[in-house]
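The next block holds one structure in the form of structure tokens; read it before the comments.
The values are calculated or read from the model by the stated rules, or taken from the named source; none is laboratory data. Everything numeric here is computed off the predicted structure, so don't read it as measured data. Counting neighbours? That spans all protein chains shown, and the Cβs are built from the backbone with ideal geometry, glycine included.
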There are 2 protein chains.
Amino acid sequence: MSQESYSEGDLRNTGMSLKHDREWDYELDRIVDAVHDRDAKKVGLQFPEGLKRRGPAVADDLRELVPDDVTIMLSGQPCYGACDLDTFLMRRTDVFVHFGHSPMKESDKIIYVPLFSNVDVEPIMEESLEELPDPDVDDEVGLVTTAQHMNLFGDMREWLEARGYEVHTRRGDDRLTHEGQVLGCNYASADVDADHILYVGGGKFHPLGLAMEHPEKKVVIADPVNNVVTVADTEKFMKQRYGAVHRAMDAEKWGVIFCTKIGQGRFDQAQEIIDGNDDAYLITMDEVTPDRLRNFDMDAFVNTGCPRITTDDGPQFHKPMLTPGEYEIAVGNKPLEDLSFDTFHGTW
Amino acid sequence: MSQESYSEGDLRNTGMSLKHDREWDYELDRIVDAVHDRDAKKVGLQFPEGLKRRGPAVADDLRELVPDDVTIMLSGQPCYGACDLDTFLMRRTDVFVHFGHSPMKESDKIIYVPLFSNVDVEPIMEESLEELPDPDVDDEVGLVTTAQHMNLFGDMREWLEARGYEVHTRRGDDRLTHEGQVLGCNYASADVDADHILYVGGGKFHPLGLAMEHPEKKVVIADPVNNVVTVADTEKFMKQRYGAVHRAMDAEKWGVIFCTKIGQGRFDQAQEIIDGNDDAYLITMDEVTPDRLRNFDMDAFVNTGCPRITTDDGPQFHKPMLTPGEYEIAVGNKPLEDLSFDTFHGTW
């Protein structure tokens, strides 16, 4: 998702643009140990977009701690999640560090530094009680958060339990590292027996995906980074999805995108669409951006890569961009009622 | 070079946006033979930006000629030259075809289809005589063209010779396939004993690079695609270069870009800059675009990748973007008079 597409109502305010100072723990000791253990000459550092500007300072700190002949390399590839691994840098460095996300899959090649937040979550949880049911009436509540706040997940649970709630949590599937963790493309941890889900974390990107995936649940957002409590409202996005599906119903030529990023490949799904439609063409790319598709003479696109590019950035593309499920509806294989959020499972 | 950066005065009108219809020869027989020889199941096709919209029709034609179980994949990666090889697609397909450019390096893995133009070059060459010296006064003229017109290079030479010129040509270095060929980043084929160089080909992208590399020569552009004769005028671009160098003289923090594309890597150059400047940071990426650099808190950038991104797209970046040679001037290692066009030599 490219920077120029940021706009009002964008879902991707992930709390990285902080309104207050925060000290991250970059866990330099772990990195330095790995440099010594492996006698490393090249160290690669990959930061999410919102933290890229901290990269030089982290590199400076590291340079002080490692031998002079070690070269530090910063990844300039776009990075919005654990699926955005810079495999070039990973393969060409002796130590490769991915900051800000938890492992999508454990690997000896990668040091994951989660960058836990030290923001106090209790004040905003207190405020969020106004949007949750009285525990005397309905005490079932699901609890989810993101990698940044996993360090406080136990505290969050205890805090809710102390106020009379039965807190439902689960680990989700193997795309998720932690119990209660959500990703932008995976909300399996919210498949719990509760009509209310409390999301504690920065931004609306994750809870809006959660609400699209679980339209039957009320998703309460307790955002300790921006210090605000809201309820996820997916109406605008659902309207956009229906609009895109309807516009794509007239399409003849389809571009079927296979994303070549290690964490975003669903080749079988792409192949299946191609095999079933003579007017569908397989297009491979890593970053799926409007300018890369503009030169293809297609009537509509299906994106088997990141569902959030389809859902959130869809209006930026010059032609309708659908998820694989939405494609089935547009070509008449499934009824419109089947429209649902596209989630991503498994690792690589 | 991203599409959104196209603007007035852009150098990249390479004649691909044709004002008249033209039939390309996609050399499907060569591709079909390779599919049969290798019992291929996956075929990858990579087109330059201006020809991407023809991809589906070429895929359709190929599908008719190969077994049903062969999957055709179109590269969606940006492609502006032979250096923009889609190595992902190349490695994951049994037959990989790169259209529109001549080989930067021969490889059994790659079928290069040059897509020769069938435009008649003689009428525009006739017109270009007005900008060339009278052969009775100065009969030395250099002749260059691009991959698209190489099929007519012998004819061009004979045509000039018949009009009394001594035509100087050379092959350049090993980055260039053919005698007389130029690339956007390499004009070694114009290192000839002539004050006038005649460029026969579409667009101004190549001749403007040539004129920047050889400021002492008059570069006459005979463009048979857009049917126009002009003389390359680099003034606007040279002013931009001087402006960027001057603005970068105040920079403290430098981002040094190492381009990870197979045909654009100059690691030693990047490493040398880093080693000599404690305030320089190595940033690795494939596509060098303004949005990818905006999140880095740098005062200026040095691009060791494609020089044309620096020269032509420079003003699109939020901070000064210099070539390695310009960097040496900006930090005071060399005088301003040393400013010259950055050319790219060798293959990979």
For the range B:321-330, does any single residue satisfy the condition of being within 12 Å of chain A (Cβ to nearest Cβ), surrounded by 21 or more Cβ atoms within 10 Å (Cβ to Cβ), within 29 Å of A:Thr87 (Cβ to Cβ) and touching a strand residue (DSSP E or B) at 6+ places or on another chain (Cβ under 9 Å)? no
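Residues checked against (1) surrounded by fewer than 17 Cβ atoms within 10 Å (Cβ to Cβ); (2) touching a Phe, Trp or Tyr at 6+ places or on another chain (Cβ under 7 Å):
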{"site": "B:Ala244", "(1), (2)": "no, no"}
{"site": "B:Phe258", "(1), (2)": "no, yes"}
{"site": "B:Ile262", "(1), (2)": "no, yes"}
{"site": "B:Asp278", "(1), (2)": "yes, no"}
{"site": "B:Thr284", "(1), (2)": "no, yes"}
{"site": "B:Asn295", "(1), (2)": "no, no"}
{"site": "B:Cys306", "(1), (2)": "no, no"}
Options B:Gly76, B:Gly50: the member that is small (Gly, Ala, Ser) and surrounded by 21 or more Cβ atoms within 10 Å (Cβ to Cβ): B:Gly76
Taking the options B:Asp108, B:Asp94, name whichever one is under 19 Å from B:Asp33 (Cβ atoms), modelled with pLDDT under 95, more than 14 Å from chain A (Cβ to nearest Cβ) and more than 21 Å from the chain's Cα centre (by Cα). B:Asp108
Report yes if some residue within the range A:170-177 is assigned to a helix (DSSP H, G or I) and in the same structural domain as A:Asp223 (by TED's automatic domain parsing); otherwise report no. no
Of those in the range B:331-348 that are polar (S, T, N, Q) and under 29 Å from B:Met104 (Cα atoms), the residue surrounded by the fewest Cβ atoms within 10 Å (Cβ to Cβ) is B:Ser340
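Being surrounded by fewer than 17 Cβ atoms within 10 Å (Cβ to Cβ) and either out of contact with any helix residue (DSSP H, G or I) (no Cβ under 6 Å at 6 or more places or on another chain) or more than 11 Å from every other protein chain (Cβ to nearest Cβ) (or both) is the requirement here; does A:Asp84 meet it?
Answer is no for this residue.
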Note on the range B:262-298: residues more than 10 Å from every other protein chain (Cβ to nearest Cβ) and either free of Cβ contacts under 8 Å to residues at least 12 places away in the same chain or closer than 13 Å to A:Gly76 by Cα (or both) are B:Asp268, B:Glu272, B:Gly276
Going residue by residue through the range A:140-147, is there one that turns out to be within 16 Å of the chain's Cα centre (by Cα), surrounded by 24 or more Cβ atoms within 10 Å (Cβ to Cβ), at pLDDT below 95 and not β-branched (Val, Ile, Thr)? yes
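Here is a yes/no grid of residues against (1) free of Cβ contacts under 8 Å to residues at least 40 places away in the same chain; (2) within 21 Å of the chain's Cα centre (by Cα):
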| residue | (1), (2) |
| --- | --- |
| B:Ser128 | no, no |
| B:Glu161 | yes, no |
| B:Gly172 | yes, yes |
| B:Arg175 | no, yes |
| B:Glu179 | yes, yes |
| B:Tyr187 | no, yes |
All positions within the range B:301-313 that are of a type in the set (A, V, I, L, M, F, W, C) and within 11 Å of B:Ile257 (Cα to Cα): B:Phe301, B:Val302, B:Cys306
Which numbered condition trips up B:Met249, out of (1) more than 12 Å from chain A (Cβ to nearest Cβ); (2) surrounded by 22 or more Cβ atoms within 10 Å (Cβ to Cβ)? (2)
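Could we say that B:Phe301 is part of a strand (DSSP E or B) and within 13 Å of chain A (Cβ to nearest Cβ) here?
Spelling it out, B:Phe301 is indeed part of a strand (DSSP E or B) and within 13 Å of chain A (Cβ to nearest Cβ).
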In the range B:105-126, which residues are loosely packed, with under 15 Cβ neighbours inside 10 Å and outside any loop (DSSP other than H, G, I, E, B)? B:Glu122, B:Pro123, B:Glu126
Here's a check for you: in the range A:309-324, which residue that is assigned to a helix (DSSP H, G or I) and touching a helix residue (DSSP H, G or I) at 6+ places or on another chain (Cβ under 7 Å) is nearest to A:Glu272 (Cα to Cα)? A:Pro324
Hey, B:Pro207 hits all of (1) surrounded by fewer than 23 Cβ atoms within 10 Å (Cβ to Cβ); (2) in contact (Cβ under 8 Å) with a residue 24 or more places away in the chain; (3) part of a helix (DSSP H, G or I) but one; which does it fall short on? (1)
I'd like the full set of residues that are at pLDDT 90 or above and either farther than 15 Å from B:Asp68 by Cα or loosely packed, with under 12 Cβ neighbours inside 10 Å (or both), limited to the range B:21-35. B:Tyr26, B:Glu27, B:Leu28, B:Asp29, B:Arg30, B:Ile31, B:Asp33, B:Ala34
